[in-house]
1. Viscosity 0.890 mPa s, temperature 25 °C: Stokes-Einstein D of region B:13-147 from its Kirkwood Cα radius, in µm² per second?
2. Leaving out same-chain residues fewer than 8 places away, which lysines sit with a Cα under 30 Å from that of residue B:119?
3. Inter-copy label distances at residue B:283, 7 Å along the Cα→beta-carbon direction, one decimal in nm, shortest first?
4. Once you list every other residue whose beta carbon is under 9 Å from the beta carbon of residue A:51, what net charge do they have if Lys and Arg are +1 and Asp and Glu are -1?
5. At residue A:65, label 7 Å along Cα→Cβ: distances to the other copies, nm, ascending?
6. Tell me the volume per residue, in Å³, of the convex hull enclosing the alpha carbons of chain A.
7. Find out how many positive minus negative residues lie around residue A:113, taking Lys and Arg as positive, Asp and Glu as negative, among other residues whose Cβ is under 14 Å from that of residue A:113.
8. Roughly how crowded by other chains is peptide A:38-48, in terms of the mean Cβ count from those chains within 10 Å of each of its Cβ atoms?
There are 2 protein chains.
Amino acid sequence: MEWGGDADAMPDEFSLIERLFDPLAGLEGLGLKDDAAVFEPRAGYDLVFTKDAIAEGRHYLPGDPADTVAKKLLRVNLSDLAAKGATPRGYLLFCAWSGDTSLDWMQAFADGLKEDQSKFGLALWGGDTIRAVGPSVFSLTAIGEVPSGQMVTRSGAAVGDDLWVTGAIGDAALGLLAAQGKYGAVEQGDRDYLISRYRIPQPPVAFGRELRGIASAALDLSDGLLGDLEHLCSASQVGARLNRAAIPLSTAFTACLASSEEFWRLVYGGGDDYQILFAAPPEHQERIVDLARAVDVQVSCIGRLTKDQDIVVLDEAGHPVEAALAGFTHF
Amino acid sequence: MEWGGDADAMPDEFSLIERLFDPLAGLEGLGLKDDAAVFEPRAGYDLVFTKDAIAEGRHYLPGDPADTVAKKLLRVNLSDLAAKGATPRGYLLFCAWSGDTSLDWMQAFADGLKEDQSKFGLALWGGDTIRAVGPSVFSLTAIGEVPSGQMVTRSGAAVGDDLWVTGAIGDAALGLLAAQGKYGAVEQGDRDYLISRYRIPQPPVAFGRELRGIASAALDLSDGLLGDLEHLCSASQVGARLNRAAIPLSTAFTACLASSEEFWRLVYGGGDDYQILFAAPPEHQERIVDLARAVDVQVSCIGRLTKDQDIVVLDEAGHPVEAALAGFTHF
């Protein structure tokens, strides 16, 4: 591990690491001064591991504020833990800083991580940093825990289960267009909201924990609603009927849709939402709504799982939307 | 996690991931088809986490064979686990492939990982891949286990402990010079040996496990002998006297030293050895030699820890080598 393995990466890397990352280290990280972290698992719990990376120019924009980049990195991993019903515990961090990354930027990045650690209840256990030859790249391994045998998988859904989604869909994808100046027809307030949704995902971590024993299958929405639904259906060997009118959209997104039906494609396949898509038997409907209300998370029942192994999107009149599926499913 | 989160990264990334990495996945990885891996910890064991990255042009050379790059990536992490007395269990992998990486190269990379997984007894639990804008970068999180409370730290060494090192020192650093054509005065056989030591570290994983309860402190040699010794001394609040004549050198390295005393600097600070430097009370001497013999690992007692918090290298006549410390210690 050796934080600061590259002697030539920075003027004085050991003290830089001390300054940036020591304040983030959990007890398991041994002050980031050993080769490894050590964790004593709790009896009766499984550990859940996930690893997602973000790269400059691909998952975030070069001008994005450092603290939002850090939060996005952490949250794209926390959304995986949330979808698995896991409680976050720790993470290991890899930073390949581009050559022009300033100390101020790094400090703001570390500060962003620190804020989110407190918010979500986990700590830094270790990592590695280097100077990148090209743009910055960050990778993070997040570790969570679930009571033994209770991790929510993608593969447990059954025919007849309701299909649910948290949050609002499409905002992050529209926010990216807005940030790139490719979508200008929005009010400033809507624009700021959408860009913030692209920059800082809002994974429902507390709600995810509550889904243990309720959701039959779940995953986080990263590739886009229909693409990820396909993953769930494929793993569970079911199909799905989606009611388009039930898909939760923000007022900013709805305003955009009023300008062109074209934007539905961002709902179907935009990606980057980092909300949870999950299936649950119909008898849990009331409980799900109550649980979501308790942690102030928006939850919507958007369809039902079917025996036919395909995905059908129905419009407001109950007619299949052919265009919805083009390019998003591989059935 | 979502192996293949980047739809545009490769022609058909999901099937590529299936082809390359499914054969490497352990049960915990759920066939790499879920968002996360799940691991059931064994009662009575702590988990040890480490994370090291390697980058093209920095930790390996652009022309290095793919299987050796993969093995180096895994082994620079396994050496950390070995130094902590941990038994490897699983790993998560991040690949940022440079744009010109061919499918053949990727396949050879995966094959290299597969070979080493079998050799060292661990399996792939998950990861993430993207296309890099610049040169390739790989990061790996390795997870091992130790009986509860028995991880070997850097900080447990005491005054009077012997100082030991596994393997031979300096070969990797000299191998890098040879691979770069900066050191030509060696026979072909020596040259091949040295380059192989640079490309494929030989961490003493089985021996590391045996050090639990014997070593008072340990770390892997990645930054160079004196730099890493300083880490151990600093964490344990001791100093060290090193006998230069006792430092283990290969015949290839010895041949090189005969040409110029200058090469001692590679012994002191060359780095990349990925052997274990450890301290142990003198009463364990015989046991250590026996354990090393049992797993066919070279082990050498190279000095002793002292009350004076500095590091002194003594030459063959018992005189301090002043030059040895320049640039390598921060005391």
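Here, each number is a calculation from the coordinates, and none is a lab measurement. Since the structure is predicted, the reported quantities are computational estimates derived from the model, not experimental observations. Please note: Cβ atoms are built from the backbone with ideal geometry, for glycine as well, and neighbour counts cover all protein chains shown.
1. Working: Rh = 15.1 Å.
For the chosen part, D equals 163 µm²/s.
2. Leaving aside lysines fewer than 8 places away in the same chain, those within reach of residue B:119 are A:33, A:51, B:33, B:51, B:71, B:72, B:84.
3. 6.4
4. Numbers: positive: none; negative: A:52, A:80, B:128.
Around residue A:51, the charge tally is -3.
5. When each copy's label point is compared with this one, the spacings are 5.1 nm.
6. Numbers: hull volume 45.0 nm³, N = 331.
It comes to 136 Å³ per residue, whole-number rounded.
7. On the way: positive: A:19, A:71, A:72, A:75, A:114, A:119; negative: A:22, A:67, A:111, A:115, A:116.
Net of charged neighbours comes to +1.
8. Values: counts 13, 6, 6, 10, 1, 3, 1, 2, 6, 9, 7.
Per residue, the number of nearby Cβ atoms from other chains is 6 on average.
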